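Chemist: I am attaching a structure below and will ask some questions about it afterwards.
The values are calculated or read from the model by the stated rules, or taken from the named source; none is laboratory data. This is a predicted model, so every value here is computed, not measured. Cβ sites come from the backbone with ideal geometry, for glycine too, and all protein chains shown count toward neighbours.
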Ligand SMILES: Nc1ncnc2c1ncn2[C@@H]1O[C@H](COP(=O)(O)OP(=O)(O)O)[C@@H](O)[C@H]1O
Ligand SMILES: [Mg+2]
């Protein structure tokens, strides 16, 4: 029997729905359950063919256990090695190479010294940093946000250099990014599962949490197809199996804003019943596919195209805006119908999604006189 295990945290709803959906399909030799760990000892197999990981970003103990499971042949969704290695700044850098547009972005050293460091640890940093060049390049207004954050924590809209230094002074040891503002006319949140199944959801970040996922889209099929295509490209390039991507449309041009959400929001009350149904069905179908493809004792993880190319010694585009990498076509675009329940395994029919947050507008603070040091 091939077992699909779910590793999850505080969320309710999705975990049981996912497990039930896999089991309701009654696929021969495949079953799903909530993972139960009572000890972790080297050399001991996890017992799972596939694991869907919804929580290791918050629990380092789980992350390491998942790596052990992966070394033993478990297909872990998402790849715990890659998820440990990347961050938003790196992903922006990589996104360029798929041909999608990302906002201009600069990396900012943390305001406070990291633990166990002193000024002596930073003798390679030029002081003061070349702020003028950074501000000239990014422009104002800009967004300042952590290089590895989520849930709108420490996301600030910044209007000028004084406000930048005042806000930066409040970010402690966080490494931040300063990013060009995209003045968008419409905004989408997109689920991507298996680097291929895409659901594009019109989204209004400034509505109350449970009203942000909209049901009406622009009806512009060309745009929706472009978005779905870019989302699939990006996830195949980065190697994420289960992710959500935020895309802002400025003058008809999509910019990817946030695409590092490997445990995307699945609360039915937040994302709505149709999106919830799509995620449950698509995730269950995909996990079954991965279980059927899994070969024990081998590497069953997904690795991004760019890593595969690097390993195979192929030439990869390294110039921003370079040619797109070849990607599998996405299978569907918004607006989507919930897939029908079926006993035989079929590809999911539709696309869209993701997280908890507080609108950035509210986090903008008044300017202070405080200057950088
Ligand atoms: N460069 C940007 N241009 C315009 N809006 C932005 C930009 N960056 C962030 N935002 C706004 O702030 C919100 C939160 O930022 P995001 O990058 O998604 O961080 P998080 O990962 O914490 O959700 C976005 O949903 C968007 O509304
Ligand atoms: Mg976001």
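Chemist: Among what's in the stretch 218-229 and is touching a residue at least 12 places away in the same chain (Cβ under 8 Å) and more than 16 Å from ligand 1 (Cβ to nearest atom), pick the residue that is surrounded by the fewest Cβ atoms within 10 Å (Cβ to Cβ).
Modeler: 221
Chemist: Picking from 147, 213, 143, which residue would you name as being within 16 Å of ligand 2 (Cβ to nearest atom), assigned by TED's automatic domain parsing to the domain that holds residue 257 and under 28 Å from residue 236 (Cα atoms)?
Modeler: 213
Chemist: Can you name the residue in the stretch 157-166 that is surrounded by 19 or more Cβ atoms within 10 Å (Cβ to Cβ) and either part of a loop (DSSP other than H, G, I, E, B) or under 25 Å from the mean Cα position of the chain (by Cα) (or both) and, of all such residues, is farthest from ligand 1 (Cβ to nearest atom)?
Modeler: Filtering first and then ranking leaves 158.
Chemist: Tally time: how many residues in the stretch 147-156 are crowded, with 19+ Cβ neighbours inside 10 Å and within 8 Å of ligand 1 (Cβ to nearest atom)?
Modeler: 2
Chemist: Considering each of 77, 55 in turn, give the residue that is under 27 Å from residue 289 (Cα atoms) and crowded, with 20+ Cβ neighbours inside 10 Å.
Modeler: The match here is 77.
Chemist: Could you check residue 309 against (1) more than 16 Å from ligand 2 (Cβ to nearest atom); (2) part of a loop (DSSP other than H, G, I, E, B); (3) surrounded by fewer than 22 Cβ atoms within 10 Å (Cβ to Cβ); (4) modelled with pLDDT under 95 and say which number it fails?
Modeler: (2) is the only condition that residue 309 fails.
Chemist: Could I ask something else about it? Let me confirm something: among 193, 247, which residue is modelled with pLDDT of 95 or more, within 16 Å of ligand 2 (Cβ to nearest atom), under 30 Å from residue 310 (Cβ atoms) and surrounded by 24 or more Cβ atoms within 10 Å (Cβ to Cβ)?
Modeler: Within the list 193, 247, the selection yields 247.
Chemist: Looking at the stretch 17-52 only, could you name the residues that are under 25 Å from the mean Cα position of the chain (by Cα) and surrounded by fewer than 13 Cβ atoms within 10 Å (Cβ to Cβ)?
Modeler: Within the stretch 17-52, 34 is the sole residue that qualifies.
Chemist: Do you know which of the residues in the stretch 167-198 that are within 10 Å of ligand 1 (Cβ to nearest atom) and part of a loop (DSSP other than H, G, I, E, B) is farthest from residue 220 (Cα to Cα)?
Modeler: Ranking the qualifying residues of the stretch 167-198, first place goes to 181.
Chemist: Quick check on my filter: what residues within the stretch 110-156 are part of a loop (DSSP other than H, G, I, E, B) and under 23 Å from residue 261 (Cα atoms)?
Modeler: Within the stretch 110-156, 110, 147, 148, 149, 150, 151, 152, 153, 154, 155 qualify.
Chemist: Hey, another quick one. Only one of 137, 96 is in contact (Cβ under 8 Å) with a residue 60 or more places away in the chain and over 22 Å from residue 289 (Cβ atoms); which?
Modeler: So the residue among 137, 96 that is in contact (Cβ under 8 Å) with a residue 60 or more places away in the chain and over 22 Å from residue 289 (Cβ atoms) is 96.
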